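The values are calculated or read from the model by the stated rules, or taken from the named source; none is laboratory data. What you see is a predicted model; the values in this text were computed from it and never measured. Using ideal geometry, Cβ is built from the backbone for each residue, glycine included, and neighbour counts are taken over all protein chains shown. Each accessible area value is taken on the protein alone, full model and side chains, heavy atoms only, with ligands, DNA and RNA left out. Shrake-Rupley method; radii C 1.70, N 1.55, O 1.52, S 1.80 Å.
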Amino acid sequence: LNCNAVRIFGEDVGRLVECSKMALSYGLQVWLSPRLINGSMNETLEYAKNCAREAEKLRTKNPNIVFIVGNELTLDMQGLVSGGTYQERAPNLFGSEGVPNNKLNEFLKILSSEVRMYFKGYVTYAAGNWEDVEWKLFDIVGMNHYLNSYNKSTYRKKLIELKSFKKPV
């Protein structure tokens, strides 16, 4: 594939670590992406901090790791949009409730700060293209930018706009 990096995501911390070790042994950069689906804000924060501790142990042996503090938390996590499950939150997020960007960024500020207490490498967030993230909190702009029929004409423009943050995208 001629790739130089791999994103490893999941919920099991032990598997995340083992997969990361394998990828690092092949010379790949690892984008470690713990993903707790349907956790509360407190559970997500504690989970991310635990993963950050383990990621830092790996990073001290091989600095080729980027830590992703969360993925599309407006959908993945409870507390930003009403609904107990991912499936219940989706219609609320894309319906009358809309995207709670202020609440998201308040949580990301806490999350990134707490994670940085344990992980000393590059930190980013995997944002949905519907989320308006304060990228000043992160070292890298991480956008899950999906190409769909509705954004085909603006897809490239949006990617170029992300460069305005003067950070790697």
inquiry  = Running a GNM on the chain with Cα contacts under 10 Å, which residue among Phe138, Phe107, Phe94 ends up with the highest mean-square fluctuation?
reply    = Phe94
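To the nearest 500 deg cm²/dmol, what mean residue ellipticity at 222 nm is calculated for the chain from DSSP H runs of n ≥ 4 alone, each contributing -39,500 (n - 2.57), summed and divided by the residues? List each step's numbers first, then the result.
On the way: 6 runs with 70 residues, N = 169.
Calculated at 222 nm, the ellipticity per residue is -13000 deg cm²/dmol.
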task = Mind checking the per residue accessible area of the chain for me, 1.4 Å probe, whole number of Å²?
result = 55
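Send over the per residue convex hull volume for the range 53-104, Cα only, as a whole number of Å³. Write out the running numbers ahead of the final one.
Details: hull volume 5.3 nm³, N = 52.
It comes to 102 Å³ per residue, whole-number rounded.
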key: Cα pair distances exceeding 21 angstrom across the range 14-85, given as percent   = 31
Stokes-Einstein D (µm²/s) once Rh is taken as the Kirkwood radius of the range 29-150 over alpha-carbon pairs, at 20 °C in 1.002 mPa s = 146
note = Along the range 85-97, Karplus-curve 3J(HN,Hα) (6.51, -1.76, 1.60; θ = phi - 60°) to the nearest Hz, with x for Gly and Pro, reads 10, 3, 5, 6, 6, 3, x, 6, 5, 9, x, 6, 5
ask   = Reachable lysines from Lys158, Cα under 30 Å, same-chain residues fewer than 8 places away excluded?
value = Lys103, Lys109, Lys120, Lys136, Lys166, Lys167
note = Expected unfolding gain across Asn129-Arg15 under the 0.36 nm per residue rule, minus the alpha-carbon gap, is 38.2 nm
query = Using the Cα atoms of the range 121-167 to build a convex hull, what is its mean projected area in square nanometres?
reply = 3.3
Semi-axis lengths, Å, the range 29-68, gyration tensor of Cα atoms, sqrt of 5 times eigenvalues = 22, 10, 5
remark   = Rounded to one decimal in nm, the spacing of the 7 Å Cα→Cβ label points at Asp139 and Glu43 is 3.0
key: Most mobile listed residue (Glu97, Glu11, Glu46) in the chain, GNM with C-alpha springs under 10 Å   = Glu97
